[in-house]
There are 2 protein chains.
Amino acid sequence: MKAPHAAGPLVIIGGAEDRTGDARILRAFTRLAGGPKAHVVVATVATEQAADVGREYVDAFRRLGAKDVVTLDVESRKQACDPGVLDLLDRATGVFFTGGNQVRITHLLGGTPADRLLRRRNEQGMVLGGTSAGAAMMSGTMIVGGVSGASPRANIVEVGPGMDFLHGVLIDQHFTRRGRSGRLLAALAQYPHLLGLGIDEDTAVIAHDDRLTVLGDGSVMVYDLGAVSFNDVMELEGTKHLTVCDVKLHVLADGAGFDLAARLPLPPQDSTPDALSPNG
Amino acid sequence: MKAPHAAGPLVIIGGAEDRTGDARILRAFTRLAGGPKAHVVVATVATEQAADVGREYVDAFRRLGAKDVVTLDVESRKQACDPGVLDLLDRATGVFFTGGNQVRITHLLGGTPADRLLRRRNEQGMVLGGTSAGAAMMSGTMIVGGVSGASPRANIVEVGPGMDFLHGVLIDQHFTRRGRSGRLLAALAQYPHLLGLGIDEDTAVIAHDDRLTVLGDGSVMVYDLGAVSFNDVMELEGTKHLTVCDVKLHVLADGAGFDLAARLPLPPQDSTPDALSPNG
C-alpha cells in the first residue's frame, strides 16, 4: 500500500550545504542514488545561473564517487516534454534540484511529462533531492514569498501549490539563519492541517515513506498546529500579530526523526532517552 | 493568600519601546503608577550611561502626565542601603528599570535593603517596570548571556539568579529582532520547570498575580517544556544541537494573556474565538 505522505526517498536540504568538505548530505544523496553506480541528474531549473550552479554540483557529486553526473536545464514547458529529457530522467538513479526560485520549478515542470516521470521513478525508488528552492518545492503547498525576521503576523507569507513529492507538509529553508519561524507559523495558522518543517542551512530531512530523518549540522523545527486551541488568523486585517495557542513544537537534531503518519517525533536512535517518565 | 508567581503589578518590556509617540506601554505603566498622581523613580542601575538614559525616561513619563519623576542611579551596594535612597523608593508609586546590563542590577541591588523594600512595596501594589535588562532581571532565573540568531544548541546560553519579582519564568527580550528562540529553548531545556517568555521589542507583558497580559506591537512567545517527551541536553558536549520533543508553544499578541498558575493561554477578550472545537 502506498504511504500517505512520501513515496521514494527524498533529500530535502535547507540550503547552503557543504559541497567541498565532508559533504555529509550530498554524500548521503549519492549513496541513495547508488554510489559508484549512480546516474545523477543535476536539475538547474530553479536558477537562471544554470551553468555556474550546475558545475558546482557536478564537481561535488563526481568527487563523492557518482559514476555519471549530468546537468539538466529546462527553460520551457516544451522542453519538459522532450523525449531526450525524458530519456535522461528515466535512466537517472538520482535527480537533484538546485536552489533558485521555487516558482520556476512549478512553472516549468508542474504537470508536464517530466513531472509525471519524476513522480513515477521516485515511487520506484529513485532518490529526489533538492536544496533551498529545490527543497521548498517538494511539498504539496509551498512558500513562494514572505517576510523573514518577522514575528508571526497575518499576511506576511504567500503560499502556492508545490510539486507535492512530500504530502501534508509545508517546508521553509534557511530557517534559523534568516529568522523564518514567524512566516512559517503565519502560513501554518492559515493551513493548520499541514505540518511545518523549518530546515536549517547545511541540514537535511531525509524522507522515505512516512519517516523523516534529520541529517546535518543544524536543526529541523517541526511545528504541529493540529491541536491548536485558539487561532485568530481569519479575523485579522493587514499584518496584525497573530495569537495562536497550543502549538506543538519539536526541535530535531542530527539522527532524530519524525513519523508523519503518527505525527510523532522519533528521538535519535543512539541516544539514551532522558528519564522523563514519572517512573524514570 | 499570596499568588505563587507575581505579586504587585509588573510591566516587563522587550526593549526599544516607543517613548516619544503614542507610547502605549509607558502610558500603561504611568497609569498603573497613579497617572497624574504618580511618583515615578527611573532606576538607571543597569546602565553606565545613567544621565542620558535617565533623561529620556524622565521626559517620557512627564509627557505622559506623571506628577513627579526622578532618576535614581545606584553605583554601589552601600548606596542601596542609603536612607535617602530607601526613602525615595518608599514614596514611589512606580519604579522603572532602564536597559543596560542585567547583572549590574542583581550585583548592585540583590539582597540589599533597597531590594527588600522594592519587593514589599510591589506586594503592596506599587508597579515595577523594566525594559530590556530591566525586563530580564524580573525573573527568578535570568539569562545573563548567550548567542543570538542560533538554533537550539547546548551551552550557548548562560543563566544566573535574577531579582525574582516574577517567579517560575525565564524571560528573553528583543526576541524576534535578535533571533533568540534558540538560546531561550536551550536555557529551558536545562530548566524545563520554568516557563519561557520571549518578548518582542515595543511589546510588554503586564503581570499581576498569576495573570499575564500582552500589550504592544509585537509578539510574546510562551514556551512550556513541562510535558516534553524527550530532551537530550544533559548528554550533549560542546555546542551540539539539541533534540527536544513535545514543546508547547503559544504565540500571543496584544490583548492575549496567560494564566501562570494553570499554565493556560488566555485568548484576547475582544476576539471571537475561532471555531476550533469539534462542535464549532
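The values are calculated or read from the model by the stated rules, or taken from the named source; none is laboratory data. Keep in mind the model is a prediction, meaning the values are calculated, not measured. Neighbour counts are summed over all protein chains in view; Cβ atoms, including those assigned to glycine, are modelled from backbone coordinates with ideal geometry. Keep in mind that these areas ignore ligands, DNA and RNA; they rest on the heavy atoms of the full protein, side chains included. Shrake-Rupley method; radii C 1.70, N 1.55, O 1.52, S 1.80 Å.
Some values worked out for this structure:
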item: Whole-Å semi-axes of the ellipsoid equivalent to the range A:125-217 (Cα gyration tensor, √5λ, descending); result: 21, 15, 11
item: The protein assembly as shown, dipole about Cα centre (Lys/Arg Cβ +1, Asp/Glu Cβ -1), debye to the nearest 20; result: 40
item: Chain A - mean residue ellipticity at 222 nm from DSSP helices (-39,500 (n - 2.57) per run, n ≥ 4, rounded to 500); result: -6500 deg cm²/dmol
item: For the range B:131-280, convex hull volume per residue from C-alpha positions, Å³; result: 115
item: Surface/4 estimate of mean projected area, convex hull on alpha-carbon atoms of the range B:14-59, nm²; result: 3.6
item: Relative contact order computed over chain B (Cα-Cα under 8 Å; 6+ residues apart), in percent; result: 19
item: Distribution of pairwise C-alpha distances over the protein assembly as shown, 20 Å bins, in %; result: 22, 46, 25, 7, 0
item: For the range A:87-161, the Rg and Dmax computed from alpha carbons only, in angstrom; result: 14.3, 46
item: Folded to 0 to 90 degrees: helix A:181-190 orientation relative to chain A principal axis, Cα; result: 80
item: Overall form of the range B:49-126 per C-alpha gyration tensor (a/c, 1.5; a/b vs b/c); result: oblate
item: Exam field: B:Gly84 pseudo-label spacings to other copies (7 Å along Cα-Cβ), nanometres; result: 9.0
item: Pseudo-label separations to other copies for B:Arg120 - Cα-to-Cβ vector, 7 Å, nm; result: 8.5
item: Within a Gaussian network of chain B (alpha carbon springs, distance under 10 Å), most fluctuating of B:Leu88, B:Leu64, B:Leu225; result: B:Leu88
item: Cα-Cα pairs of the range B:164-219 separated by more than 19 Å (percent); result: 30
item: Highest-fluctuation residue, A:Tyr223, A:Tyr191, A:Tyr57 considered, GNM on chain A with Cα pairs under 10 Å; result: A:Tyr191
item: Angstrom value of the Kirkwood radius, inverse mean 1/r, which spans all Cα pairs in the range B:1-98; result: 14.1
item: About the Cα centre, charge dipole magnitude for the range B:145-280 (Lys/Arg +1, Asp/Glu -1 at Cβ), debye; result: 360
item: Kirkwood-Stokes translational diffusion coefficient of the range A:51-190, alpha-carbon pairs, 10 °C, 1.306 mPa s, µm²/s; result: 99
item: Apportionment of accessible area to carbon and sulfur, the range A:135-213, percent (1.4 Å); result: 45
item: Mean projection area, nm², convex hull over Cα of the range B:62-104; result: 3.7
item: Average accessible area per residue (Å²) across the range A:1-122 - probe 1.4 Å, nucleic acids and ligands excluded; result: 45
item: Angle in degrees between helix B:50-63 and the longest Cα principal axis of chain B, rounded to the nearest 10; result: 80
item: Label-point gap, in nm, between A:Lys67 and B:Ala262 - each point 7 angstrom along Cα→Cβ; result: 6.6
item: Point-to-point label distance, A:Asp18-B:Gln124, nm (Cα→Cβ direction, 7 Å offset); result: 6.2
item: Nm distances between copies for B:Leu264, ranked from closest, using label points 7 Å along Cα→Cβ; result: 2.8
item: Most positive-pole-ward Cα, A:Val58, A:Ala43, A:Ala33, against dipole of the range A:23-64 from beta carbon charges; result: A:Ala33
item: Unit charges on C-beta of K, R, D, E only; dipole of chain A, Debye; result: 520
item: Accessible area buried, both sides summed, chains A and B with 1.4 Å probe, Å²; result: 3200
item: Cut-off under 5 Å, modelled amide H: who pairs with B:Leu170 long-range; result: B:Leu195, B:Gly196, B:Leu197
item: Volume of the Cα convex hull of chain B, divided per residue and given in Å³; result: 138
